[in-house]
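Throughout, read-outs are computed from the coordinates displayed, never taken from laboratory work. Values in this document were obtained by computation on a predicted structure and should not be read as measured data. Heads up, the Cβs are rebuilt from the backbone with ideal geometry, glycines too, and the neighbour counts pull from every protein chain shown.
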């Protein structure tokens, strides 16, 4: 190796040593910066605590105890379920079937369509009120029928609608249930009377009936409104006046009530469907199935009160 190459190698070695010293110096400064002890009295910021969000809103439904086999509180404005108990169980409907009958008729006829009372429906079990041959507008007949749960009125409406559609009554009612996507609802007749000791006139779930009641209240508010008073009044086309008593004993106690319907048979027990306004245009459906004749009203009241407490942000009323 000649002298020129030796000088070049020496210069390269000096450069590498200088770079190493610079690197060591920088490391020392960094270590001093990282490990300088904290002087007395100087505080460090504590790490922020981790918080887990929890709901503190009261749940008024937690304390609700009802006799019914099935029930639901269904927010018709949002589609949310606020409370449910066996809400999809298919149970006998009794006279809640009349809601489907009237809904089906209004889907086929105008409210002013005349409906004649046939002879055969006047022989049905009570409650009934009409004579064969009497004629009512569909609206008036529906108002009387739903308020007083009249079996002859419901049968007359069902017969007229089935004839108009060229179907049997249960085919006509099945079509109406399908149109509303009521998957658990099936009706044998239009009034809900038990066919025998083993077969009910209609079956459905609390969820289905909540949606049905809400649809009827929205479709025919004037008919639904008649069911919210202690009595309903109307006259036949011949001028005969009728005043019938509401079968729902709590209609005067439910604020903002939009629709009410009761049902009771041996197979069904006590049923109740309510639609009420919990706020500005905020309809809520409450349905009770398989309770007792008296407890359906206490069950319904408990669920209405819990609903009102829910929207008020209270544990109870």
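So the values come out like this:
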read-out	value
Pairwise FRET efficiency - residue 123 versus residue 59, Cβ, R0 = 45 Å, nearest 0.05	0.35
Length added when fully stretched, residue 241-residue 317, from 0.36 nm per residue minus Cα-Cα	23.3 nm
Spin-label zone in the stretch 207-248 - amide nitrogen under 18 Å from a point set 7 Å from the Cα of residue 112 along the C-beta vector	220-223, 235-239
Full-extension gain in nm, residue 132 to residue 178, via 0.36 nm per residue minus C-alpha separation	13.4 nm
Span from the the stretch 244-265 Cα centroid across to the the stretch 112-153 one, whole angstrom	19
Sorted by Cβ neighbour density within 10 Å, fewest at the top, the residues 296, 167, 211	167, 211, 296
Zone residues, the stretch 187-218, relative to residue 69, backbone N less than 13 Å from point 7 Å out along Cα-to-Cβ	198-206
Order of 277, 152, 88 - criterion: other Cβ atoms within 10 Å of each residue's Cβ, fewest first	88, 277, 152
